[in-house]
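Worksheet: the structure to be examined is printed underneath.
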Amino acid sequence: KLPPPSFVLNIKFSELQLTETKATPKEELAALLTDSASQRMLLRDAVSAIRAAAVDPRVAGLLAEFGGPEARGQRSLCSCQEIRDAIRFFREQKEEKAVTIAYGDNYSSSEYFTACATGRVLCQPGGLVQLPHLSTTTPFLSNFLKRFGVAFEAIKRGQYKSAYETYTASEASKPNRKSTTRRLRSSFEQMLRVLSVERCLSNKEAACLLSKGVLMAEEAEKDGLIDGACYLDELIVELRDRCGTETLLSLPQYHKAVRAECSRDRLRQTLCKLPGDIVNSTRSAVDTSSTWVLGPTTITKPLNVDASPTPSTPHQRPSSRNAARNFTATNGLDNGSDPNRVSVAIVCVVGEIVRDSSTVQGGSSSRVASVKEVRRQLQAAASSPSVKAILLRIDSPGGDAVASEAIWREVLQVSKPVVVSMGTYAASGGGMIAAAADK
């Protein structure tokens, strides 16, 4: 079904489960059995849909809703940043043509961080605003296990490999404490800078406000952390007055509709290349009205991919490295007329890295990255003449060292530009694989 002539894009984060991979049949069945109200959506699809809406004249505004009984809790800083950047892009493209509003009955730390990307942040009068903060808790079970005569032995290489300290130590080691502190400080500084810019505060003022922790809506408004307090029905009336429509279209619905338009647009392009009699007999089945297309990933600068590759050593990428330094990819609107448009393959390394997914307990491969599957995808992309570059999405805490090395080697063997995009994690083996890419 096509979107209406004018509508407000409604992003209900309380009902949206953003993931890196598609749901497996088991996960889809579990969702049906539990009657879950949440909608599963790929993070990259959500970002693409928001960016497409930014240049769609039918979109009169954006409403981001947070909180609610089905709230998905704390999201990773990575996914929050990607959604934030997409909303910021929406604001910049629309300028004064559309409104962007965040509304919540309560705001968790990650929700408020995301909401700050909108033009106005509103909260229910009796709601709470939990300001961004970071902490980590690590249990140490060594002394507990000793009571039962259990000793856990672990082999590690490097002082910062601290994953097994939970079972081998009674407190955090100095390297572990140092790395954790630096990670938290770096993430907090990023959040602090965002709050300072979005709420027009100095770093000192922002840090002072963040130290308050949790605020009632009235106090948050007084401190300039939100723009007002109102009820949802009052907000709907305001949207109708400012946007000229009271039609709300959810993000998943909009994404599906725009993808359908993209398919029709490609069909029209194909018809243009067919003989006239065939076109005339099939044109009536295609809507020829102007559409806005959520296109595939495109490269905005031609790549010198035809150059003959030079022999590579075991620790060097082929000659595509120089080409990839000038690689710029965009994922959003595409009208299909760009002569420099080329295909980019997306290969995901998500979850624990293993040699063979069939050996994983329970036989589930939904959250593991096996050597066999990643190798198959990389080789298929490398051998396809239509694929000019590979986007390697890594969201993994690591895993089997031998499996990580095998994938690392496979990335080295690819003669096309390989660009890595890191998700929430690119740790241990995930970082090793990323090091083999061009960028």
(request) Scan V197, V258 and give me the residue that is under 23 Å from the mean Cα position of the chain (by Cα), at pLDDT below 90 and in a helix (DSSP H, G or I). (result) V258
(request) For the range 403-428, enumerate the residues that are on the phi < 0 side of the Ramachandran plot, open to solvent by 20 Å² or more (accessible area, probe 1.4 Å) and of a type in the set (S, T, Y). (result) S415, S421, T424, Y425
(request) Please determine, by comparing only the residues of the range 381-434 that are assigned to a loop (DSSP other than H, G, I, E, B) and over 21 Å from the mean Cα position of the chain (by Cα), which one is farthest from V47 (Cα to Cα). (result) D400
(message) Of everything in the range 50-61, what is open to solvent by less than 10 Å² (accessible area, probe 1.4 Å), outside any loop (DSSP other than H, G, I, E, B) and out of contact with any Leu (no Cβ under 6 Å at 6 or more places or on another chain)? Give them in sequence order.
(response) I50, G61
(request) Determine whether S383 is among the polar types (S, T, N, Q), open to solvent by less than 50 Å² (accessible area, probe 1.4 Å) and modelled with pLDDT of 90 or more. (result) no
(message) Tally up the residues in the range 160-218 that are closer than 16 Å to P132 by Cα and touching a strand residue (DSSP E or B) at 6+ places or on another chain (Cβ under 9 Å), please.
(response) 8
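The values are calculated or read from the model by the stated rules, or taken from the named source; none is laboratory data. Note that this is a predicted model, so its numbers are computed, not measured. A quick note on method: Cβ atoms are made from the backbone with ideal geometry, for glycine too, and the neighbour counts reach across all protein chains shown. Side chains included, ligands, DNA and RNA excluded: accessible areas come from the protein's heavy atoms. Shrake-Rupley method; radii C 1.70, N 1.55, O 1.52, S 1.80 Å.
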